[in-house]
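These notes are about the structure you will find just below.
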Amino acid sequence: MDLKIDALTHRYGTTEVLADINLDIPTGRIVCVVGPSGCGKSTLLRFIGGLERPTEGQVLQLSDPPADSLNPFTFVFQDFALLPWRTVDGNVRLVLEDHGLGKAEMDRIITDVLTRTKLADFADALPKNLSGGMKQRVAIARALAVRPAVWLMDEPLSALDAQTRELLMDDLVGLWLRTPFTAVYVTHNLAEAVRLGHRIVVLSRRPGMVRKVIDIETPLENRTAGDPALAAIEQELWQLMRDEAEAADQELIA
Amino acid sequence: MSKPVPYRGGGFRPERIRGVGIGVFVALLLIAEWGTRAGWITNLTLPRPSDVIRTLYELATSGLLWTHLSVSLARLSVGATLGAGVGILIGLGIGLFSVMRAGLVPLVAALFPIPKIALLPLFVIWFGIDEMSKYMLIAFGTFTPTVVATYGAVDNVDRTLIRMGQSFGLTRASIIRKIVLPGAMPGILSGLRVSLAIAIILLTAAEMIGAEYGIGAYILQAGALYDLERLFAGVTILSLLGVSLSFVLSRIEAKVLRWRV
């Protein structure tokens, strides 16, 4: 399902947060949105997911989502957003319960997604007993369970330590290679963007505007840590963001 | 020269120390016993703890203890269940619906500081001199703190979890039942602690008028006669009642809130 962001502008009161954003999100691609903090990238994601309404402009879906998708626009949150009173199994079950699936079908889906996220042995654990990386894998399993048409990932790895982040990036690449999915991936980490993004959108500081769109042709499976082409792109992104980040750092938060 | 660096950490963290609580109790009782026996506490100031215990024992063996206690427990459970139950419902309503919040929060704020005991005559007129006025007084007293605790607890439910529910297309009923209610449970239970203590306080007030039996009535009769042994025996029973209720709540919390860190 292709998406098109059409002349989207948003204001909180008199403060302009996003200004005239135009963007295409093609099916089966990961679009990374990077930008300095406070540039409205998470807000943009909430518009795409229908959790907030922009002041002007709109987000268009250019076709109907696949019929088997239970929740076409599915979020993965930075802070995982797991219910602490539900087990791993229960957290995945939560998002299936309202669809009238029947217990056997739910069990089948849960077993499948927990296996794919390497959590099959932890179905009965409570979130408090899980590491950060495992919590985010539960959130990814929960998202897999509803067969999203578009994944909306809001800094999904930012709350994790560097090693866990590397492992989870490999997991995400693995998931995408098995079944390519459409995703909008918001991050402030340029290495993540270069590793996972087919297209990288650089936003300016507030009000967020599209400064540059970079397409990376290297297939995801061939992207390695030392790749000079990728390093060059990361360097270019950093040059773009550096001044913005510095200026953003000097501003008071409204 | 080599010596270990000085330790500067630790402290500022409550630890479980067993037996000290009981120890303080026993020490105070022993001092009171010693004082009343030695004479530097007159028996008009404080009854002898051993006499209070004997009074309690006689009360228990005569069967009167059970008569008083069962009547009081019935009043307490009906009144508190009614007040806390309606309080939780109204509190959830205020927490979930802005119209109810706008309409009822000022009303609750106005009702909260009224000393419920002052309204006792009114309650007798409204609900009669029998059990109903006693139920209603206890219910009214537990209602307001429960409402305030409940809507505060709903307000404190992690909004990111509610956003998550919405983002997965959960129905409103599902969000309330599976996210808001369990999320508010810790706050509701700690509110219930306060409400139940207030219910015990009001029990005595409710038994001030037209009650033949009941712990409150027993205390008031003893007080009117300056029978300090019986007064203290009654107060002890109320204390024990409070401790047991608090213990039961702790067990419920441990079970319901197992998921907490």
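The values are calculated or read from the model by the stated rules, or taken from the named source; none is laboratory data. As the structure is a prediction and not an experimental result, all values here were calculated from the model. Reconstructed Cβ throughout: ideal geometry from the backbone, glycine too, with neighbour counts over all protein chains shown. Note: areas computed on protein heavy atoms with side chains; ligands, DNA, RNA excluded. Shrake-Rupley method; radii C 1.70, N 1.55, O 1.52, S 1.80 Å.
With a point put 7 Å past each Cα toward its Cβ, work out how far B:THR171 is from B:THR81 in nm, to one decimal.
It works out to 3.0 nm between the two label points.
Let me have the relative contact order for the stretch A:89-224, percent, based on Cα pairs under 8 Å that are six or more residues apart.
Computed over the stretch A:89-224, the figure is 19 percent.
If I compute solvent accessible area with a 1.4 Å probe over the protein chains, what percent of it on chain B is carbon and sulfur?
After summing per-atom areas, the C and S share lands at 69 percent.
Please work out the FRET efficiency for the pair B:ALA27 and B:SER190, using the Cβ-Cβ distance as r and a Förster radius of 30 Å; give the result to the nearest 0.05.
Plugging the Cβ-Cβ distance into 1/(1 + (r/R0)^6) gives 0.50.
Please list A:GLU166, B:GLU131 in order of solvent-accessible area, largest first, computed with a 1.4 Å probe with all protein chains present.
Accessible-area ranking of A:GLU166, B:GLU131, largest first: A:GLU166, B:GLU131.
May I ask for log10 I(q)/I(0) of the stretch A:20-130 at q = 0.15 Å⁻¹, from a Debye sum over the Cα atoms as equal point scatterers with solvent left out?
-0.89
Could you work out how far apart the two model spin labels at B:ASN156 and A:GLN61 are, taking each label as a point 7 Å from the Cα in the direction of the beta carbon, and quote it in nm?
3.8 nm
Between B:MET164, B:MET136, B:MET100, where does the largest GNM mean-square fluctuation fall for chain B, given springs only between Cα atoms within less than 10 Å?
Top of the fluctuation ranking is B:MET164.
Taking the stretch B:27-178 as the region of interest, what is the percent of Cα-Cα pairs per 5 angstrom bin, listed from the shortest bin to the one with the maximum distance?
2, 8, 11, 12, 10, 10, 11, 10, 9, 7, 5, 3, 2, 1, 0
Would you mind calculating the relative contact order of chain B from Cα pairs under 8 angstrom and at least 6 residues apart, reporting the percent as a whole number?
Normalised by residue count, the contact order of chain B is 22 percent.
Using helices alone, what [θ] at 222 nm do you get for the protein assembly as shown, with -39,500 (n - 2.57) per DSSP H run of 4 or more residues, divided over all residues and rounded to the nearest 500?
Result for the protein assembly as shown: -18000 deg cm²/dmol, rounded to the nearest 500.
Can you return the lysines within cross-link range of A:LYS4? Criterion is Cα-Cα under 30 Å, with same-chain partners fewer than 8 residues away left out.
The qualifying lysines are A:LYS41, A:LYS212.
Please report, largest first and rounded to whole Å, the three semi-axes of the ellipsoid equivalent to chain A, where each semi-axis is the square root of five times an eigenvalue of the C-alpha gyration tensor.
30, 21, 18
Viscosity 0.692 mPa s, temperature 37 °C: what is the translational diffusion coefficient of the stretch B:121-220 from Stokes-Einstein with a Kirkwood Rh over Cα pairs, rounded to a whole number of µm²/s?
208 µm²/s
Which residue, chosen from A:PRO156, A:VAL210, A:LEU130, occupies the Cα position most advanced towards the positive end of the dipole of chain A, where the dipole is computed from +1 (Lys, Arg) and -1 (Asp, Glu) charges on Cβ about the Cα centre?
In chain A, that residue is A:LEU130.
How much accessible area per residue does chain A have, counting only protein heavy atoms and a probe of 1.4 Å, in square angstrom?
Here the residues of chain A average 44 Å² of exposed surface.
At 0.36 nm per residue, and after removing the present C-alpha to C-alpha distance, how many nm does the segment from B:LEU96 to B:VAL235 gain when stretched out fully?
My answer for the length gained is 46.0 nm.
What is the antiparallel percent of DSSP beta bridges lying wholly in chain A, to the nearest 5?
Around 50 percent antiparallel, to the nearest 5.
Translational diffusion coefficient of the protein assembly as shown at 10 °C, 1.306 mPa s, Stokes-Einstein with Kirkwood Rh over Cα pairs, in µm²/s as a whole number.
56 µm²/s
So how compact is the stretch B:49-117: Cα radius of gyration and Dmax in angstrom?
Here Rg and the maximum Cα pair distance are 20.0, 58 Å.
Which of the three applies to the stretch B:1-97, rounded, prolate or oblate, going by the alpha-carbon gyration tensor with a ≥ b ≥ c and a/c under 1.5 meaning rounded?
oblate
With all protein chains present, calculate the accessible area of A:SER37 using a 1.4 Å probe and round the result to the nearest 10 Å².
Around 100 Å² of this residue is reachable by solvent.
Ignoring ligands, DNA and RNA, how do A:ILE200, B:ILE129 rank by accessible area with a 1.4 Å probe, largest first?
Greatest to least solvent exposure: B:ILE129, A:ILE200.
What GluC sites (Glu not before Pro) in the stretch B:203-234 are in a loop by DSSP, with at most 15 other Cβ atoms within 10 Å of the Cβ?
B:GLU212
Give me the accessible area buried between chains A and B, both sides summed, with a 1.4 Å probe, in Å² rounded to the nearest 100.
Approximately 1800 Å², summed over both chains.
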